[in-house]
Amino acid sequence: MKTNHRIVLQRILTAFLLSFVIAIHVAFAVPPNAAGAPASKMNVSDRIEVEKSLAKELQESVDRKKKLPGQRKINISTILSVKERRLVIDLGRDGVPSKAGAAEEEQCGSLITEAMSIINGIISVNEYSCTYGGRDIYYYHPEPALTQDQIGDPVAAQDDSPVTVMVSGGHGYFFNPVSQEWETRRPLMNGIQEDFITPYFARDVSADIVNKAKLNIAKPRSNGTTVHVASGYPWWKMSARTWLESQLPNNPEIWNSLANDTDPNGQEDDDIRARPLFARYVNATYSLHIHTNGADNTAIRGTIGFYQTGRALDAGYTARILCAMKETIQAKPAYADWSVDLAPRGANKGENRLTPVDRRSTIIEVGFHSNAEDALALQSSEFRGAAVAGMAKGVRLYNEGKSCSTFKIDSIPTVTGQVNTPFNYVINYSGNPTYPVKVYSEPVICANSWSCSRFNRSVISPELSPITQTISCTSNQAGQSGTFRYKRWLVDADGVKTAPVEHTYTCNAAS
């Protein structure tokens with residue numbers, strides 16, 4: 001009878017988590033970190049058992065797929081690195097593929113996603129890596145050193161220099177010199193294909209960054225609808241590698257950076273590198289790489305963010321974007337329970353790795369095209385608008401040095417004024433709303449013989465807390481006074497709504 005390693009593993013992890021919760025509660029009287037407990041809190045025997053069971057689960061996953069060229073046999077083992085909070089997935093020495101590149105990254109990414117789905121929320125793992133016989137892939141296939149042309153000579157950032165955000169939608173058509181065909185590598189699943197859904201997100205988030213964050217944009221793919229003659233497909237479906245070749249014909253070091261002209265996957269590998277090399281070329285301060293995700297386990301869903309392993313500032317940049325996305329997506333009632341993994345995940349991916357260490361880069365996997373519900377959301381203009389707003393807001397907050405915190409009304413103090421003389425009240429709020437902000441008002445208690453109504457007002461320019469508003473109690477009756485109770489709430493330009501807060505004000509008759 002076949003052992004279900006996932007069930008065994010979950011039992012071990014659940015027992016460990018329960019014991020950790022009890023220990024934390026007794027010692028500190030506070031709940032554990034929502035991201036899970038650190039492996040350092042596990043005893044050695046439990047950790048070894050978890051590593052073995054997880055390895056068996058991942059082995060079954062990788063055995064269901066075709067090996068990459070050069071891989072003779074894949075023997076999965078896993079190591080929970082206690083100090084770094086890192087999970088190392090080793091494929092064995094015989095699992096070394098014939099080259100590093102897009103296919104190798106995809107295989108490693110698939111294993112990472114599977115591992116995350118098992119241990120996330122139970123064991124705290126910040127970073128993931130794939131090795132082969134204990135060695136990084138670049139030990140066997142050294143990555144070409146960047147030339148001076150690829151590195152460029154960026155102007156040192158000045159306080160008043162323009163900030164550019166490189167926004168990239170994943171993949172697209174590239175040319176296979178062996179088959180002489182224009183090809184993609186991402187499957188059509190649940191009615192969508194990653195290559196052709198990400199350009200919509202890249203287009204809209206670029207507009208949001210320009211309009212709301214007031215930053216410059218550079219894109220390595222086109223949203224043009226005219227036809228790329230050689231392929232017969234519209235330009236918006238073409239890869240960054242192909243678009244950049246047409247725009248920068250004298251800079252092949254950007255779009256043709258590898259000696260792989262006879263490799264059927266060569267242009268796909270060039271495409272990964274072209275994006276960060278283009279970011280260097282335009283001297284981008286920030287890079288935002290937009291993708292959708294896929295997994296064998298079709299139940300896995302939600303938004304995930306990846307930064308380059310070891311780069312703490314990139315982790316913070318990624319975390320700001322994920323937090324903002326959670327706020328804007330969940331503000332939509334239809335997506336109130338949308339899962340956003342708030343913990344940024346470290347991994348070794350070319351789009352992030354080739355970005356200069358003094359510039360920020362992240363990969364945002366907006367949702368899983370392998371999950372039917374996520375696929376529907378990815379095709380929804382309402383969801384796309386919310387996800388786009390969050391990505392743009394996260395970049396803005398990071399650039400402005402602001403935190404991501406809940407948008408809420410803290411208080412509306414009671415005030416008193418005179419009838420027929422406008423007076424002010426203030427709304428103390430927390431968070432970083434996107435302006436303009438609307439102030440909604442609805443009467444709760446209206447004084448006798450007065451008329452009260454619902455209304456809203458727009459605050460166009462950004463205001464630091466508090467927002468100041470005006471009350472006007474108008475009466476033609478001499479000596480008329482009244483006390484009123486209103487509930488008020490705020491809605492920002494991204495659709496994020498605060499909970500209503502009630503407050504009282506009094507209008508006294510003019511003396």
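Taking the range 449-468 only, how many residues are basic (Lys, Arg) and assigned to a strand (DSSP E or B)?
1
Please state which of the following conditions residue 283 fails to meet, knowing it meets all the rest: (1) at positive phi; (2) surrounded by fewer than 17 Cβ atoms within 10 Å (Cβ to Cβ).
(2)
From the list 123, 151, 137, exactly one residue is hydrophobic (A, V, I, L, M, F, W, C) and open to solvent by 30 Å² or more (accessible area, probe 1.4 Å). Which is it?
On the way: 123 fails: open to solvent by 30 Å² or more (accessible area, probe 1.4 Å); 137 fails: open to solvent by 30 Å² or more (accessible area, probe 1.4 Å).
None of the others qualify; the one that does is 151.
Identify all residues within the range 180-191 that are touching a strand residue (DSSP E or B) at 6+ places or on another chain (Cβ under 8 Å), surrounded by fewer than 19 Cβ atoms within 10 Å (Cβ to Cβ) and either of a type in the set (Val, Ile, Thr) or touching a residue at least 24 places away in the same chain (Cβ under 8 Å) (or both); write none if there are none.
Correct list: 184, 187.
Which helices (runs of 4 or more DSSP H) sit wholly inside the range 81-177 and have at least 3 residues that are at pLDDT 85 or above?
Values: elements: 102-119, 137-140, 148-151.
Passing ranges, in order: 102-119, 137-140.
For a quick check of your reading of the model, give me the residue pairs whose first member lies in the range 463-485 and is closer than 15 Å to residue 448 by Cα, whose second is among the small types (Gly, Ala, Ser) and surrounded by 15 or more Cβ atoms within 10 Å (Cβ to Cβ), with beta-carbon atoms closer than 6 Å and at least 6 apart or on different chains.
Close Cβ pairs (under 6 Å, with a partner that is among the small types (Gly, Ala, Ser) and surrounded by 15 or more Cβ atoms within 10 Å (Cβ to Cβ)) amount to 479/509; 480/509; 481/509; 482/447; 483/447; 484/447.
Within the bounds of the range 394-401, is there any residue that is over 30 Å from residue 367 (Cβ atoms), in contact (Cβ under 8 Å) with a residue 24 or more places away in the chain and open to solvent by 40 Å² or more (accessible area, probe 1.4 Å)?
We begin by selecting, within the range 394-401, every residue over 30 Å from residue 367 (Cβ atoms); these are none.
The answer is no, given that none of the residues of the range 394-401 is over 30 Å from residue 367 (Cβ atoms), in contact (Cβ under 8 Å) with a residue 24 or more places away in the chain and open to solvent by 40 Å² or more (accessible area, probe 1.4 Å).
What number of residues within the range 354-388 are assigned to a helix (DSSP H, G or I) and either of a type in the set (A, V, I, L, M, F, W, C) or touching a residue at least 40 places away in the same chain (Cβ under 8 Å) (or both)? Walk me through how you get there before you give the answer.
So the first thing to find is which residues in the range 354-388 are assigned to a helix (DSSP H, G or I), and the list is 372-378, 381-388.
Now restrict to residues that are either of a type in the set (A, V, I, L, M, F, W, C) or touching a residue at least 40 places away in the same chain (Cβ under 8 Å) (or both): 372-378, 382-388.
Here the count works out to 14.
Provide a single number: the residues in the range 206-252 that are more than 19 Å from residue 279 (Cα to Cα) and surrounded by fewer than 18 Cβ atoms within 10 Å (Cβ to Cβ).
12
Considering 324, 312, 336, which residue is closer than 19 Å to residue 388 by Cα, aliphatic (A, V, I, L, M) and surrounded by fewer than 21 Cβ atoms within 10 Å (Cβ to Cβ)? Walk me through it before giving the result.
Details: 324 fails: surrounded by fewer than 21 Cβ atoms within 10 Å (Cβ to Cβ); 312 fails: closer than 19 Å to residue 388 by Cα.
Selected residue: 336, the only one of 324, 312, 336 that is closer than 19 Å to residue 388 by Cα, aliphatic (A, V, I, L, M) and surrounded by fewer than 21 Cβ atoms within 10 Å (Cβ to Cβ).
Name the residue that is nearest to residue 493 (Cα to Cα), counting only residues in the range 417-430 that are modelled with pLDDT of 95 or more and surrounded by 19 or more Cβ atoms within 10 Å (Cβ to Cβ).
429
Would you please name the residue that is surrounded by the most Cβ atoms within 10 Å (Cβ to Cβ), looking only at residues in the range 502-511 that are modelled with pLDDT of 95 or more and of a type in the set (Ser, Thr, Tyr)?
So the residue we want is 505.
Are any residues in the range 469-501 loosely packed, with under 13 Cβ neighbours inside 10 Å and assigned to a strand (DSSP E or B), and if so, which ones?
Initial filter on the range 469-501 (loosely packed, with under 13 Cβ neighbours inside 10 Å): 470, 472, 474, 476-479, 499.
Of everything in the range 469-501, just one residue is loosely packed, with under 13 Cβ neighbours inside 10 Å and assigned to a strand (DSSP E or B), namely 470.
Six or more apart or on different chains, Cβ atoms under 8 Å: show the pairs whose first residue is in the range 161-179 and farther than 14 Å from residue 275 by Cα and whose second is among the basic types (Lys, Arg) and modelled with pLDDT under 95.
No pair meets every condition.
Starting from residues that are out of contact with any Pro (no Cβ under 7 Å at 6 or more places or on another chain), open to solvent by less than 40 Å² (accessible area, probe 1.4 Å) and modelled with pLDDT of 95 or more, keep the ones in the range 404-416 and report whichever is nearest to residue 213 (Cα to Cα).
Of the residues in the range 404-416, the ones out of contact with any Pro (no Cβ under 7 Å at 6 or more places or on another chain) are 404-406, 408-416.
From the residues that got through so far, the ones that are open to solvent by less than 40 Å² (accessible area, probe 1.4 Å) too are 404, 409, 412, 415.
Next cut, modelled with pLDDT of 95 or more only: 409, 412, 415.
On the way: 409: 23, 412: 29, 415: 35 Å.
That would be 409.
May I ask you to list pairs of residues, at least six apart or on different chains, whose Cβ atoms are under 6 Å apart, with the first in the range 287-304 being without any contact (Cβ under 8 Å) to a residue 60 or more places away in the chain and the second being aliphatic (A, V, I, L, M) and open to solvent by 10 Å² or more (accessible area, probe 1.4 Å)?
Pairs that qualify, where the first residue is without any contact (Cβ under 8 Å) to a residue 60 or more places away in the chain and the partner is aliphatic (A, V, I, L, M) and open to solvent by 10 Å² or more (accessible area, probe 1.4 Å): there are none.
Is it the case, given these coordinates, that residue 114 is touching a residue at least 12 places away in the same chain (Cβ under 8 Å) and farther than 25 Å from residue 353 by Cα?
Numbers: touching a residue at least 12 places away in the same chain (Cβ under 8 Å): yes; farther than 25 Å from residue 353 by Cα: no.
No: the conditions fail for residue 114.
For residue 310, which of the numbered conditions (1) over 12 Å from the mean Cα position of the chain (by Cα); (2) part of a helix (DSSP H, G or I); (3) of a type in the set (Gly, Ala, Ser) fails to hold?
If we test residue 310 against (1) over 12 Å from the mean Cα position of the chain (by Cα); (2) part of a helix (DSSP H, G or I); (3) of a type in the set (Gly, Ala, Ser), just (2) comes out false.
Might you check whether a residue that is part of a loop (DSSP other than H, G, I, E, B), more than 14 Å from the chain's Cα centre (by Cα) and without any contact (Cβ under 8 Å) to a residue 60 or more places away in the chain occurs anywhere in the range 316-336? Show your work before the answer.
So the first thing to find is which residues in the range 316-336 are part of a loop (DSSP other than H, G, I, E, B), and the list is 331-332, 336.
In the following step, the residues that additionally are more than 14 Å from the chain's Cα centre (by Cα) were identified as 331-332, 336.
Among the residues that remain, those that are also without any contact (Cβ under 8 Å) to a residue 60 or more places away in the chain are: 336.
Within the range 316-336, one or more residues are part of a loop (DSSP other than H, G, I, E, B), more than 14 Å from the chain's Cα centre (by Cα) and without any contact (Cβ under 8 Å) to a residue 60 or more places away in the chain.
The values are calculated or read from the model by the stated rules, or taken from the named source; none is laboratory data. Just so we're clear, the structure is a prediction, and the values are computed from it rather than from any experiment. Note that we place each Cβ from the backbone using ideal geometry, even for glycine, and neighbour counts take in every protein chain shown. In case anyone asks, the SASA skips ligands and DNA or RNA and just uses the protein heavy atoms, side chains included. Shrake-Rupley method; radii C 1.70, N 1.55, O 1.52, S 1.80 Å.
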